[in-house]
């Protein structure tokens, strides 16, 4: 068959209709409709289009026709088959049409079939082999820098990828064929200027193109020109070459990326910064995309990204002044200067500067975004479209967008899919976005094998025919090459493209997290892993690109950081430490601490939950808990799945070994999705009324992206569809200086949707509490101690009906020394307390109490501490409202009547227009007979749920606590 290909270019073409007519006459078969548009060729040239696609069966048809009757084919094919059968060497089987006159009749064809058929089959096999590498070579590429995981989550090697000589049999080839020369098809560029290569060399070049540190997914694209463009970029020998200057520039960028993170870690080791360690090559990747795009005429780049690496991008890509970044750690800004503010790893920036590679002006903007990781995607696209519109850029030549993603969010967040589907819509297209995935190969604590069903996190991009370039992030040159290609693709075709940086996360999710709890094997390897900057520096030294001394000089980036740090302290700065949970050094310590608590007959929040689940399991109640990182718990408090520190995927779930014949306990880390996962768990709860089904948000704020499920299904479900549901939502909530995206679970939204009437005092009868539960649309609680949490979970499943339960769960109270319960509060005969009265000194002399402060949740502990500091333990009573809805009218009435001379205050840590105040105030007024106002102590109204400035947070806290205990605070308002 290689002979057939050698002579292919010499014969003149016929029209498609002529060739089709010939074939129809030869075998009396119908010509497929797909055949008509192609320009086909007479004689051996006809093999060219056939061999490149499924039409190769026409060559076989013609061959079998020739065996039956040599006159049934064109004379040139007759000569070719006879010469090839006679053993003519490559290129000699063909004769030009002019020499065909007076040819002798074909000799006997006995024994001809096996020889020629083998030639045809071998060439077809080589063509299939080349195509297999183009389609599936990425599956065996060396993408994981750690060498412990397959990027596609599958260690199987496709049968059609040649990894050993015995696999040649898949194609009907053997070792004797390795040194045979085969003609290369036009659908490959591995030959460079050569048109034929030995099979051994063909395989080697395919491995170099598709199976090293770059894995290319593109063969699903249905445009031949685009596929050919990509093949040329990756198959052509010697394409990935760099000049000495380019290598030195790359090294300098790697140094800046690495040293910046090292400086922050040294200076602020106890601060969250979501550093880039393990994917330092992101910085040269982004700068390469920007450089190449600037070279192609782009003047404005709009960027969006999650929090990992944001500070590094701000410093080394956007080029924000380092002293401004350092001020975010040692903040001297007042809230009035920055609104409510946000945490530093959510902030954005706009900057116009000179691109030093192209000497052209370029405007870079990084959009601010929340912790809803992919929510910024459509926002970036909208801003890009607007910029294009206002500058008359109708094809995206001047303005473009770059979107960065995390692997778990890219696969799990539905808005990614929705954003991709805007990419080619006329009114929404931004004419191509470069997507860069920082593929940690892990979510927060969730193994990718538990986080997605697709081989790669990037598979969602296939729906719009976007090429996907996977690359080992520990190979900086491969990263830069891929990014150059991605930028060129966008400039050439104005379509989306994805760069998948397969990397690792050297530290925990936020530097204060301990990843060894859940990924022990991965992090044992990471501890041994040499940094990418060091590896690349040593490589360039070995190549003679830089000397050891030059490398050391380039690496002196610390001096720049130190000078910027000094400048950031020009004015006096007040240092306020973040609220942080200290990471625990080991799991055995956690289990030991739980054992000690049990000896003392006390429980903390995690143990209270554990005992609630365990007691229900023992009673035959199935418990199912799902959500992001719920196995360990976002705050490293739960640890319901124990991981073997030496054996991969070997785990123990102690809760499944509580008692003989117990019900099963299902605890599962979900994908990084709220909308989809909450909907799934809701359906599960609908089908399983006798199971306790719980969904936990990583932070309470994150239920925002599941709001459709909450608003349309959970809240009005019984009213709309007469269908009860007992699903439990666990929403971490609390104002603790963690910024607007990690503070509020938005209790005001849930309370606003409660169906009880604030202006009507219900008839308080003996069965009042259970009747309220039966009539409500859902239950909203904020427990202040683990004993009450234990009871509310049990009540949820033991009640004779089902209602959704919304629980605002704590964060700092998980380990607060006073947020403890005794076993006596959880024994038979005890139950859930809807309101916990003050049983301290005030209860001994209620007539002397001047003020009763009603509150809920965590703020209770801050109030009791402040009351003691003011010496008001016998004059101010504090009552905890544990169940907010249905509202405990009966208990509020009894508590307020106990203190006849006390004024009434509602205290909350949330802002006045948020939280509980608007819900509880009218209900308290309805409850109390005497005409007394309900005063407010809390934060003032605000647009954001919390400030991102720690100093402002503490000032706000002090102000409202002072107000709560100032007995004259409200006199001027009376």
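Every number in this text was worked out from the coordinates using simple rules, so none of it is lab data. Quick caveat, the model's predicted, so the values are computed rather than measured. Please note: Cβ atoms are built from the backbone with ideal geometry, for glycine as well, and neighbour counts cover all protein chains shown.
For residue 918, put the label point 7 Å out on the Cα→Cβ axis and report which residues of the stretch 869-911 keep their amide N under 14 Å from it. Answer for the stretch 869-911: 911.
The relative contact order of the stretch 587-826 comes to 24 percent, based on Cα pairs under 8 Å that sit 6 or more residues apart.
Rounded to the nearest 0.05, what FRET efficiency do residue 228 and residue 690 have when you use their Cβ-Cβ distance and R0 = 45 Å?
0.15
Using the Cβ-Cβ distance between residue 592 and residue 801 with R0 set to 41 Å, the FRET efficiency works out to roughly 0.50.
Full extension of the segment from residue 770 to residue 724, taken as 0.36 nm per residue of separation minus the current Cα-Cα distance, would add 15.0 nm.
Take every pair of alpha-carbon atoms less than 8 Å apart whose residues are at least six positions apart; their mean separation over the length of the stretch 843-973 yields a relative contact order of 27 percent.
The spacing between the stretch 843-864 and the stretch 896-974, judged by their C-alpha centroids, is 13 Å.
Legend: ranking of residues 513, 558 from fewest to most surrounding C-beta atoms inside 10 Å; resulting order 558, 513.
Once both labels are positioned 7 Å from their Cα atoms along Cα-to-Cβ, the gap between residue 241 and residue 128 label points is 3.7 nm. Once the Cα-Cα distance is subtracted from the 0.36 nm per residue extended length, the residue 530 to residue 68 segment shows a gain of 159.6 nm.
Projected label points at residue 969 and residue 174, each 7 Å from Cα along the beta carbon direction, are separated by 9.2 nanometres. Find the centroid of the Cα atoms in the stretch 646-700 and in the stretch 115-193, then give the distance between the two in whole Å. Rounded to whole Å, the Cα centres lie 43 Å apart. Rounded to the nearest 0.05, the FRET efficiency derived from the C-beta distance between residue 181 and residue 160 at R0 = 22 Å is 0.55.
In plain terms, the residue of 778, 268 with the fewest other Cβ atoms within 10 Å comes first and the most crowded comes last, giving 268, 778.
Taking the stretch 425-441 and a reference point 7 angstrom along Cα→Cβ of residue 389, the backbone N atoms nearer than 17 Å belong to 425-432. Spin-label pair residue 712-residue 368: with each label point 7 Å from Cα along the Cα-Cβ axis, the two points sit 3.1 nm from one another.
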